[in-house]
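One structure is given here, and the rest of the page talks about it.
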Amino acid sequence: MASAAATLPVALVLEVDPDPGTNIDPGEWELVRQACRGEMLAVPRGPWRATPDTAGSGDVVAFVILDGLLARELSLQERCMVELLGGGDVLQPPVVTDRPRLATETRLLAVSDLLLLVLGQPFVRAAARWPTLLTALHRRLEAQRDSLAIQGLIAHLPNTEQRLLLMLWHLADRWCYVTPEGIVLPLPLNHEILGRLIGACPPLSASLSAALKREPGSAVARTVHGS
């Protein structure tokens, strides 16, 4: 069952996400801050269905993740493609089409509780006057597409341990932080999500488990345990 999202009070976009206003003329900053508004949406952990009228106002252009982790998944037979989206990432409502498709419909899973900024018509009107607001979102979408392409390349490698190692480093490139004990990847990823990230179908689950349980001397163990 899909998670029941809760609409929160309207927010000034540049107060909760200042990045789109980076190239705004300082003399117009306050005017843009007041004009650029969006709704806040809280999504509890679990499956979630995003629609253009999710926030109740309709005409949603995009959702910006302010906090939490979201998995976006498509599958074909036994194979899955999962994209992880976190703070600052942009999610657009799924495109509805009557054309036949090979893969399943896009499935969304809130890996943790989510706080989203919903961008609708007020943002569109502001972006029409200050186009750099929209340009900032496009830059994020392109970065996400590039990251997903790298993930797809990793999933094509033949060796499970190598795929797992490279995937963890790929995720660490964005989300890790360094401690005296080593590198920490603070993502709530279970065995199932890791397997889907590296394209491990059910018959490969045993090899995935083996890769995660290597002796501390292995490269994967150093990444997982931060040793």
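Bear in mind that the values in this text are calculations on the coordinates, not laboratory data. Note that the coordinates shown come from a computational prediction; the quantities given were computed from them, not determined experimentally. Note: ideal-geometry Cβ built from the backbone for every residue, glycine included; neighbour counts use all protein chains shown.
Within the shell of other residues whose beta carbon sits under 12 angstrom from the beta carbon of ALA126, the net charge comes to +3, with Lys and Arg scored +1 and Asp and Glu -1.
Of the peptides 86-94, 174-182, the ranking by mean beta-carbon count within 10 Å, highest at the top, reads 86-94, 174-182.
Near the amide H of GLY120, within less than 5 Å, lie the amide hydrogens of GLU39, VAL61, all on another chain or at least 5 residues away, with H placed in the peptide plane. Any number yet on Rg/Rh for the range 6-153, C-alpha, Kirkwood? Rounded to two decimals, Rg over Rh is 0.99. Mean sequence separation of contacting Cα pairs (under 8 Å, at least six apart), scaled by the length of the range 6-153, corresponds to a relative contact order of 31 percent. Summing charges over neighbours of GLN151, with a neighbour being any other residue whose Cβ is under 12 Å away from its Cβ, gives +2 when K and R count +1 and D and E count -1.
Please give the length that would be gained between GLN162 and HIS138 if that part of the chain were fully extended, namely 0.36 nm times their separation in residues minus their C-alpha to C-alpha distance (nm, one decimal). Result: 5.4 nm gained on full extension. For the peptides 63-76, 184-197, residues were scored by their other Cβ atoms within 10 Å and the scores averaged per peptide; the highest-first order is 63-76, 184-197.
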